[in-house]
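The next block holds one structure in the form of structure tokens; read it before the comments.
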Amino acid sequence: MKKLGRNDPCWCNSGKKYKKCHADFDEKIEHFKNMGHEVPPHEIIKTPEQIEGIRASGKINIAVLDYVAENIHAGMSTEEIDRLVYEKTTELGAIPAPLNYEGFPKSVCTSINDQVCHGIPSPDVIIQEGDIINVDVSTIYNGYFSDSSRMFCIGEVSPEARRLVEVTKECIEKGLEQVKPWGFLGDMGQAVHEHALKNGYSVVEEVGGHGVGLEFHETPFVSYVSHHGEEMLMVPGMVFTIEPMVNKGDHEVVIDDENDWIIYTADGSLSAQWEITVAVTEDGYEVLAY
Ligand code: MF3
Ligand code: CO
């Protein structure tokens, strides 16, 4: 990449001169890089217009999950959840991002009980009283991607299951408190991990979060077993997901070799996940989808 002159137009397309726009910002990033830190490439730093686009996509993602929340009930199939998501998303003028993504056959992921993530909706899977289920919705609107997921407790669930679901939600909040410019993704990851461990749970290592916005999955990979002061530097304009998968038992997972998608806990224990899309702002964060 050629080095920009101070009077050249800024790389962010603001139309301003580099020296009046991102020159100081880049210098600060360079300083962290020279100290040995992983730093974000320009491609993943969003402009205010792009953030606005992701925010609009996120609004639809939230509305689709609200619609699922109003309609989910014992006795329905996960295929019916898929239909709810497809119909609401398209009614709002958007596209479900999972559909045909790397061969994924449905519009949403529905992961029940010991399924960790990437559960495939099916007419044969009927949700029952006592189940815990993650519904993971991702939207493309006007070319912008958003991604969030929620847990649903179907009727009366066991106290252990409810606690797992609640603690996993708290993990997101603990992580979010660490999201601010010039901190590190590892500050967030460690906060998530510590809260899970403190409650006797484990966190999945192999699957994590990701940059999002202009693509479904952008750099960086976002771990929730990372360490304070490590992983990528957070800077204003970065957008990524916080989506820890928390297991009641061991952290090990297995993948269904019949479809190469559905991930289960290796020990058959319950797993929960919540997901938000978050933007790093000048002074903290903004949640764009939940
Ligand atoms: N929403 C999932 C994530 O958080 C997407 C999995 S890919 C899919 O990254 F094709 F299964 F949707
Ligand atoms: Co995601």
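The values are calculated or read from the model by the stated rules, or taken from the named source; none is laboratory data. Computed from a predicted structure; not experimentally measured. Cβ atoms come from the backbone with ideal geometry, glycine included; neighbour counts cover every protein chain shown. The area values use the complete protein model at the heavy-atom level, side chains included, leaving out ligands, DNA and RNA. Shrake-Rupley method; radii C 1.70, N 1.55, O 1.52, S 1.80 Å.
Which number comes out as Rg/Rh for segment 160-213 once both Rg and the Kirkwood Rh are worked out on C-alpha atoms?
Ratio value, two decimals: 0.99.
Output wanted: per-residue J couplings in Hz (rounded whole) for segment 116-122, from phi through Karplus 6.51 cos²θ - 1.76 cosθ + 1.60, θ = phi - 60°, x for Gly and Pro.
Running phi through 6.51 cos²θ - 1.76 cosθ + 1.60 with θ = phi - 60° gives 7, 5, 6, x, 9, x, 8 Hz.
Just check segment 137-182 against the gyration tensor rule for me: Cα atoms, a ≥ b ≥ c as the square roots of the eigenvalues, rounded for a/c under 1.5, and otherwise prolate or oblate depending on whether a/b exceeds b/c.
Taking the square roots of the gyration eigenvalues as a ≥ b ≥ c, segment 137-182 is oblate.
Percent relative contact order of the chain, based on C-alpha pairs within less than 8 angstrom and at least six residues apart?
Answer for the chain is 20 percent.
Size of the chain along its principal axes in angstrom, Cα-based, largest extent first?
Projected onto its principal axes, the Cα set of the chain covers 64, 43, 32 Å.
Using θ = phi - 60° and the Karplus relation 6.51 cos²θ - 1.76 cosθ + 1.60, list the HN-Hα couplings for segment 128-135 in order, rounded to whole Hz, with x at every Gly or Pro.
Calculated HN-Hα couplings, in order: 10, 3, x, 6, 10, 9, 9, 10 Hz.
Less than 11 Å Cβ to Cβ from VAL212, Lys/Arg counted +1 and Asp/Glu -1: what total charge do the surrounding residues give?
Within the 11 Å Cβ shell, the charges total -4.
Please give the per residue accessible area of the chain, computed with a probe of 1.4 Å over protein heavy atoms only, in Å².
That works out to 45 Å² per residue.
Pick from LYS106, LYS169, LYS198 the residue whose mean-square fluctuation is largest in a GNM of the chain, springs joining Cα atoms under 10 Å.
Of LYS106, LYS169, LYS198, the most mobile in the Gaussian network model is LYS198.
Taking the chain as a Gaussian network, where each spring joins two C-alpha atoms under 10 Å apart, which residue of GLY209, GLY189, GLY200 fluctuates the most?
Among GLY209, GLY189, GLY200, the largest GNM mean-square fluctuation belongs to GLY200.
Could I have the simple spin-label model distance between GLU205 and THR281, label points 7 Å from Cα toward Cβ, reported in nm to one decimal?
Roughly 3.6 nm, to one decimal.
Once every DSSP H run of n ≥ 4 in the chain is given -39500 (n - 2.57) and the sum is divided by its residues, what mean residue ellipticity at 222 nm do you get, rounded to the nearest 500 deg cm²/dmol?
-9500 deg cm²/dmol, from helical runs alone.
Once the Cβ-Cβ distance between ALA266 and PHE221 is put in as r, and R0 is 25 Å, what FRET efficiency do you end up with, to the nearest 0.05?
FRET efficiency, ALA266 to PHE221: 0.75.
May I ask you to order 72-83, 229-240 by the average number of other C-beta atoms within 10 Å around their residues, highest value first?
Per-residue Cβ counts within 10 Å, averaged per peptide and sorted highest first, yield 229-240, 72-83.
Highest GNM mean-square fluctuation, the chain, Cα pairs closer than 10 Å: which of GLU27, GLU243, GLU43?
Answer for the Gaussian network model of the chain: GLU27.
Counting only protein heavy atoms, what percent of the accessible surface of the chain is carbon or sulfur at a 1.4 Å probe?
Using a 1.4 Å probe with all protein chains present, the chain comes out at 48 percent carbon and sulfur.
Binning at 10 Å from 0, report for segment 172-290 what percent of all alpha-carbon pair distances ends up in each bin.
Spelled out bin by bin, segment 172-290 gives 14, 45, 30, 10, 0 percent.
Which whole-number percent gives the relative contact order of segment 63-203, counting Cα pairs below 8 Å spaced six or more residues apart?
Relative contact order comes out at 19 percent.
So what does the Cα-only Debye profile of segment 1-127 read at q = 0.09, 0.14, 0.16 Å⁻¹, as log10 I(q)/I(0), no solvent term?
Once normalised to I(0) and log-transformed, intensities are -0.48, -0.77, -0.85.
Shape of segment 221-286 from its Cα gyration tensor (a ≥ b ≥ c, root eigenvalues): rounded if a/c is under 1.5, otherwise prolate when a/b > b/c, or oblate?
In terms of gyration-tensor shape, prolate.
For GLU156 and ARG83, what does the FRET efficiency come to when R0 = 30 Å and r is the distance between their Cβ atoms, rounded to the nearest 0.05?
In this case the efficiency is close to 0.70.
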